[in-house]
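A quick write-up on the structure given underneath.
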Amino acid sequence: MLRLHSVNRVYPLKGGPFFALRNISLEIKQGEFVSVMGPSGSGKSTLLHILGMHDSGWDGEYWCGEDAVHKLNVKQRFELHKRSFGFVFQSYHLLDDLTVYENLEVPLTYRNVPKKERESIVCDTLDRFHIVGKRDLYPNQLSGGQQQLVGVARALVAKPPVILADEPTGNLHSDQGREIMELFKALNTEDGVTIVQVTHSDANAAYGSRVIRLADGMLVG
Amino acid sequence: MSSLRFAIRQIFKSPGFSAVVVLTLAFGLAVNTMLFGIASQFMLRPMDVPHADRVVLLAQRSAAMKMPHQISFPDFRDLRESMKTVQGMFALLPSAAHLSAEGKSPERAWFEMVTPNAFQTFGLQAQLGRTLLPSDGEAPGAPLVTVLTDKAWRERFGADPEIVGRAVMINGQPFTVVGVMRPEFQAFSYSMSVAGFVPVSASGVMRDQGAEMLTWRGVSAFKVMGLLAPGATLDAARAEAAVVTSRLSQEYPDDHKEVTSVVMRESQARPDPIFSDFMPVIMALFGAMVTLVLVIACANVSNLMLARTAARRKELTVRVALGATRWTIVRQLLTESLVLAAIAGVVAWYLSDWIGAVFMQFAPSGDMPARTDFTTGWRDHAFIIVISAAAALGSGLLPALRASRVDLVDNLKGGPGGPQGARHHRMRNMFVIGQVALSLVVLCSAGLFARSLSRIQGLDLGFKTDGLLMASFDLKLQGYDEARAEQFRRVLIERVQALPGVESAALTSTVPFSYFIGARNAIPENPGVPLANDELAIGYAQITPEFFQTLGLRLDRGRMIAASDTADTPRVAVINQAFADAVWPGQDAIGRRFQPWRQGPWIEVVGLTPTAKYVMVGEPPRPYAYVPLTQEAAAPLTIMVRTQGDPAALTSSLRAALREIDPHLPAFEVTTMNELMGKSAFAFMPLRMGSLMAGVQGVIALLLAIMGLYAVVAFGVTQRTREIGIRMAIGAQGGDVVRAMLREGMRLTLIGIGMGLVMSALLGLVLSKILYGLPAFDAPAVIGVSALLFGIALLACWIPARRATQVNPLVALRAE
């Protein structure tokens, strides 16, 4: 599903080039639940942003399904990104001025989903994540766990085949973190959503099917 | 739709920010809207008649008057007969009259004497009765008929539905009312609102020597209008008018010295063709100034938006991460700008009404009834919509484009976004420099207007304006013969001089700086220098002996006009030094003679006064002659009263004195000389209005620039809180911090002032050509304004800089 071949991410610095990622080749199959682990500065988040097509300053080959990402122009990559990925952030990144309902609606408006259809999808999602009662609340009226639940719901609302999660439980206490990880597990096993998460926690990694380890920008296992 | 909803929510979420943006834009939009409103009313709006786009005005330039002026009636007739490119040509002449219903006291009113075909040319219909018809005639002797305007019918005749067929008294003569016009038509002169219309055949009743005016080719008094023939162009009409005028010049050379024809669209000849040469220049100048104010406002709002979008970086980053395109972000931010600008537009609409009302207090006023029923139309609405949208784009586009460039990875990782911050900062600095520079330009122009006004107000006018009260009346229109008029004048002077608080009183035919200019082409005897056609254009006033004392005019040589100068004694005059210098330079003018017009009586010079100002404040020395009223009758007349205290306090006494002598005589222009000077288009009014307009814009520009500077320094302080904390933790004093913070603001100010000085110098070149008494570079005004701007800018920077010293190092560092 996602395949990298000899991918490098280099930042030109005054003292010489800095390799954030070096010669990365890996493959993530559809339906996998992969955890990316490694010490701080090892390149985990960089890898996640390259996979999520937020970062385009790399070289090498990147295949997303049948699409050769390295050959796509900016617009094509953007379209592919919208079609393929949902993103979950460590600090939730909900839009503070929008209600829960509106936060879930935003990705759909960017995908030109008609209003009627949007209503239906958002209501289904609220129902599925058991947050119907929170639909008119603003993010600052929710607990951290509830905000991340909305964050996961928002990542899924446009039904992407892949969820990329950057330390999704990093800002949550252990009970809330566990709930989120169980939700990921369920999404992976029941809905077949491919999940790639960056985590420092072995316990969280255990929810996944495979671990990719990075150190100093290189794959070490 | 969701963009709009979100935009509205954003506006309510930050009411302070929104209010500042709305008010900033509203000020910029309001001055533009007000100026456009004036231009729209006076220059753009077509007359409310069919084929308004084809209405043209014919005028002439001549050796005596270089600006476009009216045409003589015989010339009008020849033009009408000869020209094919202008159809339905008609002539009109506004005239004051005494109007009354039978058995009632007369009131002063203005009528338009017109060739009766005018109504057919414009396709006008009456609401009662009929309009004037060609059968009402152009030659004296036709039946006396009139058509009233709706306003006069309602206000003076109580909207009497039976008025058609009845007689009303005009100048003591019965005129049959044949119709009442529809309310929307108030005059053929766009800027006037008259009481009614009479055919030119009644000119003998309407004006002194009115019947003769229809035959004199040398009296250029009639406004001539018509419709461009279908398919004819303005250029073709100009060419044809030039040919006809050239022929007339050859046939009647004495009455056509260097006469050329002018054909212009009616809308370009408002309020009078005489202004048509410089009105566009004045409008362009003020247009440029108000545009600058709007540009400053937009730059300021741009700066605020930049700061705000920087604060919203997280939100915009998440939106992009969720799939928003750059265009979606730009659209979202522009929607917010548009909503704010729309609110600003509404505020500006009402603000411009208020500013307009303030300016109207300075508008010229006089005896002639100006049209005041102007209402806003689609042009004004379209303008405010378009300019508000432009302001939204002007203020919001750059910040939106900047904000839409999201560095997703850096921002999602919570990075500082250093390079982008620096870019923002550079742009904000450029905006502030631009604002300071443009503010200086607008302030300088206000300073130059004020300097010019102060120079003009400091001019020696040649007479004392304080303590002078005036009232005008017209005995001719009231049907007085000369014997009765003489009696009236004598009794009036006696009664007014006997009023408590009156020092002296005099009568004159011409009031300085009024709209009535007594002018003659004098023929001096044995001039010491050659004169073109042996003539000299002079100002001319008929006065009573007390005139010089009342006005405070000095006598240099000879004697004043005396009570002993009567109709039975030789004709005499007191002239001014400019007259003497122009005709008898280096010679004694006393005892010399001149004729006030060709073949006129000889008048002997008996006295010499210094040259004063008579018509316009900035005029060059104008030759002038005063003759006794007893030797040459005149109407209307003005009684001028020199008072010991406040002249306005004697107004009711003066009116009462007039009423006691003739309770039915309408008095008009009862005012003090200082009021007249303030409102006269020929005295201080243009500069006062210009100073006020430029001053208001200057203050707004200054406020906007100061807000911009304040915002930049305050933003810098917020951004550098950690740095300030560190500096203070390692021993920096309050003064060190203030200086460091001030440095940036003042650097921007100085660069802005430097650029503004260059632009102001260029503006000074233009203004020195149209403002009185200004050099090309008026150092005191420019230096004064620069110092003012620098001082206020220093204060604007100091306040947030001072706040920086209150940063607690511990708190600042912990926050990081």
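The values are calculated or read from the model by the stated rules, or taken from the named source; none is laboratory data. Note that the structure is a prediction, hence the values are computed from the model and not measured. As a convention, Cβ positions derive from the backbone with ideal geometry for all residues, glycine included, and neighbour counts pool all protein chains shown. Note: accessible area is taken over every heavy atom of the protein model, side chains too, but ligands, DNA and RNA are not part of it. Shrake-Rupley method; radii C 1.70, N 1.55, O 1.52, S 1.80 Å.
Points worth noting:
- Length-normalised contact order for chain B - Cα pairs under 8 Å, 6+ apart - percent: 15
- Residue order for B:Arg554, A:Arg9, B:Arg559 - accessible surface, 1.4 angstrom probe, largest first: B:Arg554, B:Arg559, A:Arg9
- Helix screen, chain B: DSSP H segments with Cα axial length of 15 Å or more and mean Kyte-Doolittle hydropathy at least 0.5 are B:15-39, B:279-311, B:326-360, B:378-404, B:685-719, B:734-770, B:779-804.
- Among the residues of A:93-100, the average count of other protein chain beta-carbon atoms within 10 Å of the residue beta-carbon is 4.
- Highest mean packing first, where packing is the average number of other Cβ atoms within 10 Å per residue, the peptides A:58-66, B:431-439 line up as B:431-439, A:58-66.
- Accessible area per residue (1.4 Å probe, heavy atoms of protein chains only) ranks A:Lys29, B:Lys613 as A:Lys29, B:Lys613, with the largest value leading.
- Contact order relative to length of the range A:1-147, as percent, for alpha carbon pairs under 8 angstrom and 6 or more apart: 19
- Whole-number accessible area per residue in Å² for chain B, which is evaluated in the context of all protein chains at 1.4 Å: 42
- Threshold 50 Å², the range B:1-44 residues less accessible with all protein chains present than alone (1.4 Å probe): B:Arg9
- The modelled label-to-label distance for the pair B:Arg659/B:Thr215, using points 7 Å beyond Cα in the direction of Cβ, is 4.4 nm.
- Degrees, to the nearest 10: A:174-191 long Cα axis against longest axis of chain A: 80
- Given charges at Cβ of Lys, Arg, Asp, Glu: the protein assembly as shown dipole, positive-most of B:Ile575, A:Leu104, B:Cys797: A:Leu104
- Enclosing the Cα atoms of the range B:216-255 in their convex hull gives a volume equal to 76 cubic angstrom per residue.
- Projected label distance in nm at B:Lys464 and A:Ser91, using a 7 Å step from Cα toward the beta-carbon: 7.9
- Inverse of mean 1/r across different Cα pairs in chain B, Kirkwood, Å: 31.0
- For the cross-link pairs A:Lys44/A:Lys82; A:Lys14/A:Lys82; B:Lys223/B:Lys769; B:Lys257/B:Lys679; A:Lys71/A:Lys185; A:Lys75/A:Lys159, the ones whose C-alpha atoms lie over 27 Å apart are A:Lys14/A:Lys82; B:Lys223/B:Lys769; B:Lys257/B:Lys679; A:Lys71/A:Lys185.
- Accessible surface, per residue, of the range A:27-128 when the full set of protein chains is kept, probe 1.4 Å, Å²: 42
- Crossing angle, helix A:100-110 versus chain A [Cα axis fit, 0-90 degrees, rounded to tens]: 50
- Using the Cβ-Cβ distance between A:Lys116 and A:Arg22 with R0 set to 56 Å, the FRET efficiency from 1/(1 + (r/R0)^6) comes to roughly 0.70.
- Just so you know, the Rg over Rh for the range B:5-80 is 1.38, from Cα atoms, with Rh as the Kirkwood radius.
- Most positive-pole-ward Cα, B:Ala450, B:Gly137, B:Leu4, against dipole of the protein assembly as shown from beta carbon charges: B:Leu4
- Euclidean distance of C-alpha centroids, the range B:735-811 and the range B:167-205, integer Å: 59
- With all pairs of separate Cα atoms included, the range B:270-317 yields a Kirkwood hydrodynamic radius of 13.8 Å.
- The tail of the calculated P(r) for the protein assembly as shown beyond 47 Å holds 50 percent of all Cα-Cα pairs.
- Gained length - B:Ala519 relative to B:Ser652, 0.36 nm times residue gap less alpha-carbon distance: 44.7 nm
- Carbon plus sulfur fraction of accessible area for the protein assembly as shown, probe 1.4 Å, in percent: 58
- Shielding of peptide A:68-81 by partners, expressed as the average count of other chain Cβ atoms within 10 Å per residue Cβ, is 1.
- Once the Kirkwood radius over Cα pairs is known for chain A, the Stokes-Einstein relation at 10 °C and 1.306 mPa s delivers a diffusion coefficient of 88 µm²/s.
- Between B and A, accessible area buried - total, square angstrom, nearest 100, 1.4 angstrom probe: 2000
- When the Cα positions of B:Ser768, A:Ser143, B:Ser472 are compared along the charge dipole of the protein assembly as shown, A:Ser143 comes out farthest toward the positive end, with charges on each C-beta of Lys, Arg, Asp and Glu.
- In this structure, B:Lys66 and B:Thr372 have a Cβ-Cβ separation that, at R0 = 30 Å, corresponds to a calculated FRET efficiency of about 0.45.
- Those residues of the range B:280-313 whose amide nitrogen sits under 13 Å from the label point placed on B:Gln268, 7 Å along Cα→Cβ: B:280-281
- Taking every residue in B:318-330 and counting other chain Cβ atoms within 10 Å of its Cβ, the average works out to 6.
- Efficiency of FRET between A:Asp127 and A:Asn171 - r from beta-carbon atoms, R0 30 angstrom, step 0.05: 0.70
- Sequence-distant aspartates and glutamates (8 or more away, or on other chains) whose Cα lies within less than 14 Å of A:Lys29: A:Glu66
- Spatial offset of the range B:11-33 relative to the range B:550-620 amounts to 61 Å, using the alpha carbon center of each.
- Put a dot 7 Å past the Cα of B:Leu234, heading toward its Cβ, do the same for B:Leu393, and the two dots end up 2.7 nm apart.
- Helical mean residue ellipticity (222 nm; -39500 (n - 2.57) per DSSP H run of 4+; nearest 500) of chain B: -16000 deg cm²/dmol
- Extent along principal axes [Cα atoms of the range B:187-245; Å; largest to smallest]: 39, 28, 17
- Which of A:Tyr110, B:Tyr710 is most accessible, then next, and so on - probe 1.4 Å: B:Tyr710, A:Tyr110
- Counting every C-alpha pair in the range B:48-207, the share spaced more than 28 angstrom apart comes to 20%.
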